[in-house]
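Below is one structure, written out as structure tokens; the observations come after it.
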């Protein structure tokens with residue numbers, strides 16, 4: 001096909017012309033998808049090794065989830081929380097049971113879940129712990145990525161996310177990720193929570209040292225501080241367990257969930273905790289018009305039921321082992337380091353070879369889509385429906401660009 005017959009260049013130009021430049025996407029224009037594969041407007045197919053930053057853990061258009069969405073679209077899509085609909089209780093109960101908690105507070109986006117967690121922790125601190133009014137603080141980690149609202153970027157250490165968005169919200173103490181001594185020292189009598197990603201995604205799929213999460217759990221219990229686990233990217237099967245915290249037998253006081261909870265169809269997020277924590281909220285104190293809407297609940301309850309079988313966690317563990325084994329073979333052959341767990345990997349490319357952006361562009365030319373972060377690092381997060389052959393294919397294409 002000659003270049004002047006391709007639709008992609010014009011579609012890229014139109015997107016650049018009419019949208020704010022808050023993203024720098026690869027010049028690929030997707031028109032359809034199924035499973036782990038995407039097709040662009042010119043008919044070229046790509047293997048998806050990003051999976052919507054884990055929002056597509058179950059692949060594109062999983063038939064069970066699509067069927068649930070279609071069925072609900074024919075009946076009811078929105079009521080607001082002014083009323084109760086017939087999908088709401090099932091979703092909340094089954095998600096609470098999956099998490100081993102009492103209550104669910106449904107929202108829409110991951111950032112909303114984080115904001116909700118912050119508000120609940122502060123209110124718990126004032127009403128239950130007895131922190132003086134206006135003095136609550138939350139300990140967070142360097143390299144965090146919890147969203148892009150004004151409050152959340154106030155404690156980001158990524159200047160691209162933070163710069164020129166002040167004045168910043170106070171009440172946060174930042175400590176090095178993985179440093180239990182620093183975290184312990186930062187907790188004072190007014191600390192209401194520790195907010196962490198069990199594995200830092202945006203930072204490059206950084207796994208903390210063994211024993212760190214159990215140590216955080218222990219110090220939070222000892223000091224009467226809530227442990228909030230942001231499992232928005234790391235949760236729901238991505239790492240080979242339901243939650244990344246599960247790998248070290250840790251149960252936080254509060255789960256923040258999102259992305260995959262919506263099955264790649266609708267935005268769904270949730271805060272999940274026990275009644276002694278979420279029970280501090282009373283009517284009128286927090287809410288969302290679309291949070292817990294019928295369409296979202298119909299899809300999300302099917303996501304929860306799929307996870308309850310354990311099938312996707314097993315796939316992630318087994319196929320993740322294959323992925324990481326293949327990637328480790330490339331260390332010293334263009335890769336400097338490989339990190340991650342399950343079907344989630346952060347790769348540091350030798351910066352003398354290329355940037356992460358260049359690597360992703362070259363992979364796209366070979367039909368594999370991934371995403372760069374922080375210079376020479378790229379992230380791989382294929383859908384959990386990926387096959388052994390597709391994993392091997394992606395690793396082969398990565399090897400090819402590193403040795404070209």
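Every number in this text was worked out from the coordinates using simple rules, so none of it is lab data. These numbers were taken from a predicted model, which means no experiment stands behind them. We place every Cβ from the backbone using ideal geometry, glycine too, and count neighbours over all the protein chains shown.
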Practice task
Measure out, as a whole number of angstrom, how far apart the alpha-carbon centroids of region 176-211 and region 286-307 sit.
Solution key: 29
Problem - Convex hull projection area averaged over all views, region 165-220, Cα basis, nm² - result: 4.7
Practice task
Would you kindly compute the Cα radius of gyration of region 285-371 and its largest Cα-Cα separation (Dmax), both in Å?
Solution key: 18.8, 55
Fill in the blank from the handout: Among the Cα-Cα pairs of region 3-138, the proportion with separation greater than 22 Å, in percent, is 64
Practice task
From the P(r) of region 194-312, can you give the percent of Cα pairs sitting at distances over 24 Å?
Solution key: 32
Fill in the blank from the handout: Each label sits 7 Å from Cα toward the beta-carbon; between residue 403 and residue 179 the label points are separated, in nm, by 4.1
Problem - Label-point separation, residue 328 to residue 388 (7 Å along Cα→Cβ), nm - result: 1.8
Problem - Label-point gap, in nm, between residue 246 and residue 366 - each point 7 angstrom along Cα→Cβ - result: 3.3
Problem - region 90-149 versus region 223-279: alpha-carbon centroid distance in Å - result: 10
Completion exercise
Inverse of <1/r> over all distinct C-alpha pairs of the chain, i.e. the Kirkwood Rh in Å, gives 22.0
Handout entry: Expected 222 nm ellipticity per residue - DSSP helices of 4 or more, -39500 (n - 2.57), all of the chain, to 500
Key = -10500 deg cm²/dmol
Problem - For region 50-209, radius of gyration divided by Kirkwood radius, i.e. Rg to Rh on alpha-carbons - result: 1.01
Completion exercise
The rounded separation in angstrom of the Cα centers of region 1-72 and region 321-397 is 20
Handout entry: Over region 146-191, relative contact order from alpha-carbon pairs under 8 Å, at least 6 apart, %
Key = 27
Exercise for the section: Treat region 179-253 as a sphere of radius equal to its Kirkwood radius over Cα pairs and apply Stokes-Einstein at 37 °C in a medium of 0.692 mPa s; give the translational diffusion coefficient in µm²/s, rounded to a whole number. Expected result: 260
Fill in the blank from the handout: Projected convex hull area of region 1-51, Cα atoms, direction-averaged, in nm², equals 4.1
Problem - In Å, descending, principal axis extents of the Cα set of region 76-308 - result: 50, 39, 37
